[in-house]
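Written out below as structure tokens is the structure these notes cover.
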Amino acid sequence: MANRVIVAGGGASGLAAAIFAAENGAKVTILEHKDRVGKKLLMTGNGRCNLTNMSDIRGKFYSSDADSLHKIYDTLVRFDAIKTRQFFKGLGLYTKEKRDGGVYPVSEQAAVVLDVLRSACDRLGVRIRTDCEITAIHPNQTEGAVSVTQSVYGDKEQNKRGRKSGVVSEKRETIKYDRLILATGGKAASVSGSDGSGYELVKRLGHRMIEPLPALVQLRCEGSFFKALSGVRAQCRIRLLTDGREMASEEGELQLTDYGISGIPVFQLSRLASRALYDGKQCEAGIDFLPYIEDNDDQVFGKGIEMFSYKTVEELLSGLVHKKIAAVVCRQNGIGLGATVGQTGVEKVSDCIRMLTDFRVRITAPNSFENAQVCCGGVPLGEVNENFASRKFPNIYIIGELLDCDGVCGGYNLQWAWATGAIAGRDAALQMSGQ
Ligand SMILES: Cc1cc2nc3c(=O)[nH]c(=O)nc-3n(C[C@H](O)[C@H](O)[C@H](O)COP(=O)(O)OP(=O)(O)OC[C@H]3O[C@@H](n4cnc5c(N)ncnc54)[C@H](O)[C@@H]3O)c2cc1C
């Protein structure tokens, strides 16, 4: 008899798990608490969906358990970026690779990624039940069950057009499973459905939880000057320092906002900053606004400055960085905007230039979960096996962002979702019921 597989959560990992379980003969039901599956997928890659990355995955993922992460890399080889592209090609979706290895659908539309996943579910007879909240899990080593509350909305005509006029009734029931796959995501961008309720479900199963924190997110910083810098973009190298020690650095386009720093290099550093702040450490960013100027460029860093003694300091700095940054650095060094290089003196001007190479800002907090692309933290990797089955309940799988593993920007988080979904889905279908 086919295994009855329930997939809790119809996001990227849940849809992949459902398809792989159904392809391997299971009778699959997805329980999704939103009114449709895959809402977050539509938001990915600014609506273009960076669905994987062809670069080497080693070093692209983080977890609080380095040993388990190391082993997970070996598992992930079983479903790598090439397999992801083959999987989508098999569903009729062609993909293209960009220069950084990022892979997108050729149409660059996230909606088509969701369309092919949904159509595969239809073809394979996967039952999708939406507006269905999982409220409890009743685990059992053989046949378990989940309690669900399904909301029924009024006004069918409005419903057809996608609008809801309020819950008119709630249907409660208990559904049995041979295998349960938990794919409820984290709590980043909860508007898409991942509201953290899955964390509570796994905690009630007795799993530990590494505190989920926002990752791939903007960083809030101290400094009244940020208001003046808002909207400025600059190519920079950014170092992250915790308690004065350099943790990591990234290069790329920095975006300055009225509350702090954003942009890809900031996103890449953000999960380390989030965790360090959570652990009570002091966090700073050291911004090098001049990463492309050689240290031995005398006109910038040496005596050559003297030849510009007729310019205002702000004018001189504006030859190197955005005018607004130049003005802030002058102000920070007590230099009036009309003061010339000659009046200010080479030494003080050099201080300003040095500040441009290591502009220190204190990071006070990550932006909220709502602004984050993913969460770091979740169920420790050591609590699942190589097929992502729980070590407490072998017939329950934990996949996707619910696990304590998060990737850097560039398609790695979706790759994690597809890989964990594919591996767990196949295993859930093929393991004999009752084992
Ligand atoms: C704005 C944005 C852009 C992004 N862009 C990219 C990108 O281009 N490339 C990339 O690799 N990654 C990207 N990501 C990250 C990526 O979307 C996630 O890593 C991925 O979606 C996680 O998949 P998941 O299946 O674990 O969780 P999710 O996709 O969040 O799915 C979880 C599902 O479970 C449902 N659910 C939750 N709780 C319950 C419950 N109690 N009962 C029933 N259902 C429940 C939710 O409604 C949701 O449908 C982006 C994220 C955001 C927010």
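Shape verdict for region 1-128, please, from the Cα gyration tensor: rounded (a/c under 1.5), prolate (a/b greater than b/c) or oblate.
On the way: a/c = 1.70, a/b = 1.22, b/c = 1.40.
Because a/c hits 1.5 or more and a/b fails to exceed b/c, region 1-128 counts as oblate.
Legend: calculated FRET efficiency, Tyr278 to Asn385, from the Cβ-Cβ distance at R0 = 45 Å, rounded to 0.05, equals 0.95.
Treating only the Cβ atoms of Lys and Arg (+1) and Asp and Glu (-1) as charged, compute the dipole magnitude of the chain about its Cα centre; round to the nearest 20 debye.
Working: 55 positive and 51 negative charges, 313 e Å.
Once rounded to the nearest 20, the dipole reads 1500 debye.
A straight Cα-to-Cα reach below 18 Å connects Lys303 with the lysines Lys311, Lys348, residues fewer than 8 places away in its own chain not being considered. Would you list, by chain and number, the aspartates and glutamates whose Cα falls below 16 Å from the Cα of Lys60, excluding same-chain residues fewer than 8 positions away? The reachable aspartates and glutamates, counting only those whose Cα sits under 16 Å from Lys60, are Asp74, Asp80, Asp100, Glu250, Glu251, Glu401, Asp404, Asp406.
Within region 219-366, the ratio Rg/Rh, alpha carbon atoms throughout and Rh by Kirkwood, equals 1.00. In sequence order, region 22-32 has phi-based couplings of 5, 4, 9, x, 7, 9, 10, 10, 9, 10, 10 Hz under the Karplus curve 6.51 cos²θ - 1.76 cosθ + 1.60, θ = phi - 60°, and Gly or Pro positions carry x.
Which of the three applies to region 16-75, rounded, prolate or oblate, going by the alpha-carbon gyration tensor with a ≥ b ≥ c and a/c under 1.5 meaning rounded?
oblate
Cβ-Cβ distance of Glu170 and Lys203, R₀ of 41 Å, FRET efficiency by 1/(1 + (r/R0)^6): the value works out to about 0.95. In summary, the convex hull built on the alpha carbon positions of region 312-354 has an orientation-averaged projected area of 2.4 nm². With a cut-off of 15 Å on the backbone N, the residues of region 203-238 near the modelled label site 7 Å out from Asp258 along Cα-Cβ are 221, 223-232.
One quarter of the surface of the convex hull around the alpha-carbon atoms of region 362-426 equals 5.6 nm², the direction-averaged projected area.
Full extension of the chain between Lys227 and Ala136 yields a length gain of 28.1 nm, computed as 0.36 nm times the residue separation minus the alpha carbon distance. Projected label points at Leu42 and Leu337, each 7 Å from Cα along the beta carbon direction, are separated by 4.6 nanometres.
Placing R0 at 45 angstrom, the Cβ-Cβ distance between Arg127 and Thr364 gives a FRET efficiency of 0.45 after rounding to 0.05. Look at the Cα gyration tensor of region 98-246: its axes a ≥ b ≥ c give a/c of at least 1.5 with a/b over b/c, and that counts as prolate. 3J(HN,Hα) couplings calculated from phi for region 91-105 with the Karplus curve 6.51 cos²θ - 1.76 cosθ + 1.60 (θ = phi - 60°) are, in sequence order, 8, x, 10, 8, 10, 9, 9, 9, 4, 7, x, x, 10, 10, x Hz; Gly and Pro show x. With θ taken as phi - 60° and the Karplus curve 6.51 cos²θ - 1.76 cosθ + 1.60 applied, the whole-hertz 3J(HN,Hα) list for region 118-126 is 5, 5, 5, 4, 4, 4, 8, x, 6 Hz, x standing for glycine and proline. For Gly38, the residues 5 or more places off, or on other chains, whose built amide H falls under 5 Å of its own are Gly10, Gly11.
Percentage of Cα-Cα pair distances in region 87-141 greater than 16 Å, rounded to whole percent? Please list the in-between numbers first.
Details: 877 of 1485 pairs.
Value for region 87-141 (Cα pairs over 16 Å): 59 percent.
Here is how the number arises for the chain: DSSP H runs of 4 or more residues each give -39500 (n - 2.57), the sum is divided by the residue count, and the result at 222 nm is -9000 deg cm²/dmol.
Using all pairs of distinct alpha-carbon atoms, the Kirkwood hydrodynamic radius of region 185-263 works out to 15.4 angstrom. With a cut-off of 19 Å on the backbone N, the residues of region 196-218 near the modelled label site 7 Å out from Asp67 along Cα-Cβ are 208-210.
Once backbone amide H atoms are built at 1.01 Å from N, Ile396 has Leu180, Ser390 as its partners under 5 Å, excluding neighbours fewer than 5 places away on the same chain. Compared with the direct C-alpha span, the chain from Asp74 to Ser119 gains 13.1 nm at full extension, assuming 0.36 nm per residue.
Extension gain for Asp298-Leu320 works out to 6.6 nm (0.36 nm per residue, less the C-alpha to C-alpha distance). Let me test this: with uniform point scatterers at the alpha carbons of the chain, what is the Debye-based log₁₀ I(q)/I(0) at q = 0.11, 0.14 1/Å? Calculated log10 I(q)/I(0) at the listed q: -0.85, -1.19. Close amide-amide hydrogen proximity is noted between Gly144 and Tyr177, each under 5 Å apart and 5 or more residues distant or on a separate chain (H modeled in the peptide plane; Pro and chain starts excluded).
Coordinate-derived values only; no laboratory data. On a predicted model such as this, the values are computed, not experimentally measured, just so you know. Virtual Cβ from ideal backbone geometry, glycine too; neighbours counted across all protein chains shown.
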